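The values are calculated or read from the model by the stated rules, or taken from the named source; none is laboratory data. What you see is a predicted model; the values in this text were computed from it and never measured. With ideal geometry, Cβ positions are generated from the backbone for all residues, glycine too; neighbour counts draw on all protein chains shown.
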Amino acid sequence: MVIKRSIPEMIFDNCNVLFLIFCSFLFLYPMWYVLVSSFSDAHAIAAGEVSFWPEGFNVDAYKLVFEDQRIWTAYGNTFIYVIAGTFINLVLTTLGAYPLSRKNLEGRSLIMAFIVFTMFFSGGLIPAYLNVRELGLYDTRWALLLPGAVSAFNLIVMRTFFQSIPDSLIESAKIDGAHDFRILLQIVLPLSMPVLAVMTLFYAVGHWNSWFPAMIYLQDRNLFPLQLILREILIQSSAQNMLAGVTQDEVFRISESIKFATIIIATVPILLIYPFLQKYFVKGVMIGALKE
Amino acid sequence: MAVPLNAAKAKSRKLPTSRSSVSLKRMMSNRYLYLMLLPTVLYFLIFEYKPMYGAVIAFKDFNPFAGVAGSPWVGFKNFEKFFESYYFFRLLKNTFLMSFYSLLFIFPASLAFALLLNELRLKKLKSFLQTVSYLPHFISLIVICGMIIDFTKPGGIINSLLLGIGFITEPIQFLILPEWFRTIYVGSGMWQSLGWNSIIYLAALSGINPSLYEAAVVDGAGRWKQLTHITLPGILPTVLILLILNVGTLLNVGWDKIILLYNPGTYVTADVISTFVYRRGVMEADYSFSAAVGLFNSIINFTLLVLANRISRKTTESSLW
């Protein structure tokens with residue numbers, strides 16, 4: 001069915017398309033600029049000659065970054081935090097969300113209120129910081145894994161999903177003699193793959209990008225995640241230290257593009273999976289947000 | 001920001017009137033469910049509620065060796081010190097302005113972006129735009145701030161662009177000048193969250209009954225009429241509750257981005273309550289004082305949210321709890 005459009009409508013539609021294409025350019029261009037700069041000659045970058053394509057194409061910055069032991073150690077640490085952290089997140093969130101989705105659980109509204117309250121009130125940064133020190137987690141990997149292990153928001157999203165699983169399914173399994181752990185593992189979880197995917201992604205991206213807890217809880221550089229090393233390179237501009245022993249001009253030449261190369265190396269995993277997972281992210285927001 | 005509109009709907013008001021043997025029996029039959037809940041409940045006790053108790057150090061002169069319980073009480077001394085300090089109004093003003101400007105610019109822009117996307121008839125372009133606009137949400141803050149620092153420096157692309165079109169004659173040191181800090185904060189915030197914020201509106205838009213539009217077309221309504229008579233009223237409840245929630249979190253500004261971008265020269269506009277707490281508490285180990293400042297902030301945030309929620313419930317019949 002084609003509805004004939006009036007002239008003002010056509011003008012609007014065309015302007016809208018143009019405007020939105022311009023918006024997408026604004027969203028993409030910063031990342032594109034970083035990408036082409038990482039392959040460009042530093043003098044060209046500093047002179048403002050790089051705009052859409054690499055100038056003086058080279059991969060020296062990447063070579064240097066790959067030779068840097070700090071970055072490999074940090075990359076490994078980040079993988080540990082992402083995998084172990086996400087696993088803990090998923091287990092605790094599921095164990096919390098499933099019982100609270102059962103309508104016949106006595107006191108569930110009370111426990112729910114107990115959890116939801118933490119979304120709106122907290123003791124603040126300092127008591128949380130002292131708590132971690134008191135528990136002896138300071139300067140250990142656990143300081144990045146345990147605090148924040150359950151997001152109340154994600155727990156609600158998951159619980160909302162579990163509530164949509166028909167009660168009859170669970171009741172009949174119960175009559176057949178299955179206890180709750182088995183029901184969760186063999187009936188509920190296999191039906192919950194979409195929400196598990198969403199949760200995995202939310203939590204994993206969170207761990208990948210996290211830096212603040214690492215900054216305040218870690219001293220030992222061998223435990224630092226990638227983002228913290230990135231902070232040194234990008235924010236504190238210690239790209240120079242990395243190059244001790246190279247001549248002055250060369251220091252400049254490489255330090256400029258090293259920044260861009262490290263950004264790319266730290267962001268590529270997310271950029272690679274992102275297009276495939278985007279629909280799940282959106283679904284997650286919808287489950288959580290628009291259940292009226 | 002995503003909002004669990006039904007967050008606490010579970011908190012239904014009906015509690016059993018009598019703890020009869022029936023409910024006890026039901027609890028017994030659900031014992032595995034309680035066992036399952038235990039680790040999660042423990043997590044919340046240890047990592048959420050224990051720090052809430054720890055916040056009492058705001059009323060004490062905390063000594064790490066004596067612990068929270070063993071430190072002497074000092075009443076409101078820490079709060080008074082904060083209220084009387086030179087920083088109090090500056091922090092309050094900066095915190096408020098930072099989120100007020102974000103609300104003022106990013107909130108309507110996200111709504112407008114969603115509406116424009118919704119009017120788009122090329123489905124392929126629409127899904128491409130959605131993919132592209134959500135992307136910044138997943139890029140790490142460190143990377144984003146690294147890009148901001150690089151783009152805004154003299155010789156960076158923003159200065160080159162402004163010089164190129166003749167808008168300025170001298171490069172501007174954006175991150176060194178306090179008057180630019182909020183612009184950078186809000187501008188980059190727009191880039192980060194515009195697309196992601198629009199998701200919730202797009203979801204609300206897709207929930208509008210298509211037959212309403214069909215009927216409107218039959219009645220001869222044009223696109224503008226459809227927008228003002230069907231689309232806008234259709235998403236109004238969502239818009240209102242998000243607006244009120246935003247108002248409720250006006251004094252809740254995160255420290256992350258600011259810590260990465262500010263410097264002592266820009267404190268005058270950039271320093272907010274949470275960054276101040278971080279500096280005084282974590283860096284200078286002035287625990288009791290900074291805990292008092294943090295607690296003050298938490299209480300204000302909570303009060304604002306409760307008020308906003310009450311107003312929302314009265315006026316729009318939608319509320320967080």
Next on the checklist: Just to be sure before I move on: is A:TYR203 within 11 Å of chain B (Cβ to nearest Cβ), within 20 Å of B:GLY254 (Cα to Cα) and among the aromatic types (Phe, Trp, Tyr) in the structure I sent?
Outcome noted: no
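Identify, from the list B:GLY155, B:GLY166, the residue that is touching a residue at least 12 places away in the same chain (Cβ under 8 Å), surrounded by fewer than 18 Cβ atoms within 10 Å (Cβ to Cβ), not in a helix (DSSP H, G or I) and not hydroxyl-bearing (Ser, Thr, Tyr).
On the way: B:GLY166 fails: touching a residue at least 12 places away in the same chain (Cβ under 8 Å).
Every option except B:GLY155 fails the conditions.
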Checklist entry - Within segment A:191-220, how many residues are at pLDDT below 90 and of a type outside the set (A, V, I, L, M, F, W, C)? => result 3
Next on the checklist: When the residues of segment B:262-305 are narrowed to those that are within 8 Å of another protein chain (Cβ to nearest Cβ), hydrophobic (A, V, I, L, M, F, W, C) and more than 21 Å from B:PHE181 (Cβ to Cβ), which ends up surrounded by the fewest Cβ atoms within 10 Å (Cβ to Cβ)?
Outcome noted: B:PHE302
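Every residue, every condition in (1) at pLDDT 90 or above; (2) farther than 26 Å from B:ALA308 by Cα, yes or no:
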residue	(1), (2)
B:PHE181	yes, yes
B:TYR185	yes, no
B:LYS225	no, yes
B:VAL239	no, no
B:ASN246	no, no
B:ILE259	yes, yes
Next on the checklist: Looking only at segment B:272-293, count every residue that is without any contact (Cβ under 8 Å) to a residue 12 or more places away in the chain and not acidic (Asp, Glu) and tell me the total.
Outcome noted: 4
Checklist outcome for this item: Scanning segment A:98-143 residue by residue, the ones that are among the acidic types (Asp, Glu) and closer than 30 Å to A:LEU169 by Cα total 1
Next on the checklist: Looking at segment A:110-121, can you tell me whether even one residue there is more than 8 Å from every other protein chain (Cβ to nearest Cβ), outside any loop (DSSP other than H, G, I, E, B) and either buried (at least 23 other Cβ atoms within 10 Å of the Cβ) or at positive phi (or both)?
Outcome noted: no
Checklist entry - Can you pull out the helices (runs of 4 or more DSSP H) entirely within segment B:206-321 that have at least 2 residues that are under 17 Å from the mean Cα position of the chain (by Cα)? => result B:232-248, B:256-261, B:273-277, B:287-316
Item to check | Failed criterion for A:VAL82 (all others in (1) more than 14 Å from every other protein chain (Cβ to nearest Cβ); (2) out of contact with any Leu (no Cβ under 8 Å at 6 or more places or on another chain); (3) modelled with pLDDT of 85 or more; (4) surrounded by 15 or more Cβ atoms within 10 Å (Cβ to Cβ) hold) | outcome: (1)
Next on the checklist: I need the helices (runs of 4 or more DSSP H) fully contained in segment A:1-78, keeping only those with at least 1 residues that are among the small types (Gly, Ala, Ser) and under 30 Å from B:ALA109 (Cβ atoms).
Outcome noted: A:7-38
Checklist outcome for this item: Those residues of segment B:11-56 that are out of contact with any Pro (no Cβ under 6 Å at 6 or more places or on another chain), in a helix (DSSP H, G or I) and either closer than 30 Å to A:PRO127 by Cβ or modelled with pLDDT of 95 or more (or both) come to a total of 17
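Just checking, how many residues over segment A:79-109 are assigned to a loop (DSSP other than H, G, I, E, B) and at negative phi? I'd like the intermediate steps shown before the answer.
So in segment A:79-109, the residues assigned to a loop (DSSP other than H, G, I, E, B) come out as A:102-107.
If we keep only those that are at negative phi as well, we get A:102-106.
Within segment A:79-109, residues that are assigned to a loop (DSSP other than H, G, I, E, B) and at negative phi number 5.
Hey, which of the helices (runs of 4 or more DSSP H) in segment B:65-140, taking only ones fully inside, have at least 3 residues that are of a type in the set (A, V, I, L, M, F, W, C)?
On the way: elements: B:67-70, B:77-84, B:87-119, B:123-134.
Result: B:77-84, B:87-119, B:123-134.
For segment B:129-146, give me each residue that is within 20 Å of A:PHE22 (Cα to Cα) and within 7 Å of chain A (Cβ to nearest Cβ).
Going through segment B:129-146, the residues within 20 Å of A:PHE22 (Cα to Cα) turn out to be B:129-137.
Correct list: B:LEU129, B:THR131, B:VAL132, B:SER133, B:TYR134, B:LEU135, B:PRO136.
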